[in-house]
1. Just want the answer: with Cβ charges of +1 for Lys and Arg and -1 for Asp and Glu, which residue in Leu188, His131, Phe143 is farthest toward the dipole's positive end in region 93-232?
2. With only Lys, Arg, Asp and Glu charged, each at its Cβ (+1 for the first two, -1 for the last two), find how big the charge dipole of the chain is about the Cα centre; round to the nearest 20 debye.
3. For Arg277 and Ser473 in one chain, what is 0.36 nm times their gap in residues minus the Cα-Cα distance, to one decimal in nm?
4. What's the local net charge at Val308, with K and R +1, D and E -1, over the other residues with C-beta under 12 Å away?
5. For region 332-364, which trypsin sites (Lys or Arg not before Pro) are both in a DSSP coil and crowded by at most 15 other Cβ atoms within 10 Å?
6. Taking R0 as 41 Å, what's the FRET efficiency between Ser38 and Ser193 from their Cβ-Cβ distance, rounded to 0.05?
7. Put a dot 7 Å past each Cα toward the Cβ at Met594 and Gln370; how far apart are the dots in nm?
8. Quick one: angle between helix 64-78 and the longest Cα principal axis of the chain, in degrees between 0 and 90, rounded to 10, please.
Amino acid sequence: MAKAMKISERPQPQYGSDVVVDMLKAFEIEYVALNPGSSFRGLHDSLVNYGGNHKPETILVCHEEIAVGMGIGYARAKGKPMAAAIHNVVGLQHATMAIYNAWCDRLPVVVLGGTGPVDATNRRPGMDWTHTALVQGNLVRDFVKWDDQPGSVEAIPDSFIRGYRLATAEPTGPVYLCYDVDIQEKKLGGDISLPELERYPASLPLQAPEEGFKRSVEWLTAAKRPVIIADTVGRREQGFRALRELSDLLAIPVLDRGSRFNFPMNHPLNLSTLEERVLSRCDLVLALDVSDLHGAVSKRNQAMGQRVPTPLLSPAAKMINVGLEDLLVRSWSTDFYKLRQMDLSISADTSVFLPELVRRLKDEKEFLKQKQSDFDSRREEWIDLRKERDEALAKETRAKWDAKPVSTNRLYSELAGVLKSEDWVLVNGTGAQKENFFLYPDKFNQVLGKNKGGGLGYGLPASIGAALALKDSGKICVDIQPDGDMLMTVTALWTAAHHKIPLFVVVFSNRSYYNDEEHQERMAQVRGRPVENKTIGIRIDDPPFDFATMAKACGHWSSGPVTEPGDVGKALRDALRVVKEERRLALVDVVCQMR
Ligand SMILES: Cc1ncc(C[n+]2csc(CCOP(=O)(O)OP(=O)(O)O)c2C)c(N)n1
Ligand SMILES: [Mg+2]
């Protein structure tokens with residue numbers, strides 16, 4: 001929870017929207033991304049002239065989806081929210097995709113809105129009417145944790161405190177706080193007192209009851225081949241560290257689902273992508289913060305348009321499920337995933353559950369001593385599987401090294417070489433996260449994770465938001481940016497230029513919405529129709545987008561399209577130099593194979 005701001009330290013608020021700025025400052029919100037609009041002209045004035053455009057500072061964006069999308073990356077990088085100010089019903093409609101993505105990612109973003117005037121006698125003729133709704137929050141209510149529209153200036157502080165607390169309480173999520181134009185622009189007669197924020201502390205993290213630990217310890221110590229599946233444990237450093245300790249202690253392999261970065265890639269027991277071979281051998285799964293539990297233990301079958309997956313886990317295998325998913329469920333979208341049976345379900349915050357579980361397991365000294373040789377042999381078995389995987393990938397990389405278009409294996413290998421001695425963070429990557437197998441991230445939050453909501457337009461705003469959060473950290477923020485996703489919110493490039501946000505963008509140009517090419521291939525196969533038509537309505541190649549020119553149009557350094565495999569390394573090195581030395585965005589467009 002942010003520090004309380006002493007009332008005596010703040011300037012005298014004169015208008016309703018000044019009080020909103022007081023609250024933003026009190027909660028140490030650093031940035032408010034916005035595209036301007038009359039429905040929050042009061043708030044805009046307060047941010048600039050009352051708040052001094054500093055903490056929070058306004059960040060100008062060219063589309064509201066970018067404003068909220070930046071909040072997604074910022075929250076991943078910093079573990080706290082920034083704000084977006086969104087113009088009434090029209091801006092909010094643009095923002096909805098990113099709000100939904102933030103919801104599915106369980107990430108806190110404070111979305112501020114303007115509306116009205118709700119009092120019809122104050123509405124100007126024309127657009128005040130088409131831009132006022134009863135009530136505006138309805139538009140996003142199904143995918144925010146809370147929305148509110150305080151009915152007076154005096155009600156703003158309580159509403160804001162509640163909103164901030166809910167956004168940042170686990171499971172975190174976006175909130176929408178909407179302010180009537182009349183309330184924003186109301187001239188105040190005197191001061192509005194602010195509550196002392198210290199009296200509204202964040203709730204302590206939810207810990208498991210004794211029984212949860214007792215049974216977990218019993219089952220983990222009794223299991224012959226336990227396996228861990230982790231999805232968002234890595235959002236907190238304590239969880240990330242304890243997961244590693246747990247794996248080391250009992251020789252348990254980890255399958256990282258990657259919504260956050262949960263487990264070092266160079267760890268010998270990181271068996272991600274080997275689900276099929278690992279799960280078929282295991283007798284106990286410890287699922288940690290896994291929302292799609294059924295998906296995590298199933299194999300997708302997509303050949304011939306098939307939709308039903310194959311179970312990977314033996315019915316006899318037990319499942320312990322630890323997380324907070326049950327605490328945030330809505331009915332509108334089915335982002336609660338398919339229900340799967342489990343044998344022990346624990347509602348707990350893994351950042352406190354895992355360290356305590358490890359502590360208790362370490363106390364079982366006699367047991368650990370007895371079992372050491374069993375653990376060593378199962379560790380070796382798992383490591384052999386990993387070696388097979390890594391060797392197969394290395395072989396594939398060698399075979400594709402000189403392929404043209406450039407193979408993704410080569411692109412990622414070259415990038416890994418260029419970043420080798422840098423302190424880097426992968427702020428956005430590809431859906432399959434193949435790049436992790438070349439970059440070998442190993443530090444907490446070194447990869448910020450992937451988009452669960454799946455709404456395109458995600459990567460660039462999220463990357464710029466993360467790079468904004470890490471602007472003064474000295475870290476090199478890297479965005480491996482699929483082309484189709486980029487095109488939806490490409491004007492975010494301008495925001496990065498305007499606000500001098502350093503970012504290393506590597507455009508993965510396969511010149512296709514390739515994911516859908518595979519769908520069209522499947523359809524053609526099922527229906528006995530010509531497979532060669534799968535590219536129609538999907539390829540983005542005639543003419544191809546010139547991403548380097550797009551970046552230049554916004555004032556950035558850029559290079560490409562790079563088409564020769566032998567040119568990739570130099571292009572990446574040049575770009576890195578610009579990001580590092582000039583602390584600004586550099587973009588390299590690499591024309592790649594489809595996957
Ligand atoms: C807002 C939105 N529109 C459309 C889609 C459907 N869709 C899913 S993946 C995809 C292709 C993405 O292309 P790109 O980002 O270039 O990645 P690629 O599959 O080529 O690697 C599309 C169109 C979506 N997920 N979200
Ligand atoms: Mg593509």
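1. Looking along the dipole axis, the top candidate is Phe143.
2. 980 debye
3. The Arg277-Ser473 span can extend by a further 66.5 nm.
4. Computed value for this residue: +4.
5. Working: sites: Lys338, Arg340, Arg359, Arg360, Lys362; in loops: Lys338, Arg340.
Answer in residue order: Lys338.
6. Details: r = 30 Å, r/R0 = 0.72.
So, using R0 = 41 Å, E works out to roughly 0.90.
7. Between Gln370 and Met594, the label points sit 5.5 nm apart.
8. Here the helix axis deviates by roughly 60 degrees.
None of the figures in this text is laboratory data; all of them are computed from the coordinates on show. Being a predicted model, the structure only gives us computed values, none of them experimental. Counting neighbours? That spans all protein chains shown, and the Cβs are built from the backbone with ideal geometry, glycine included.
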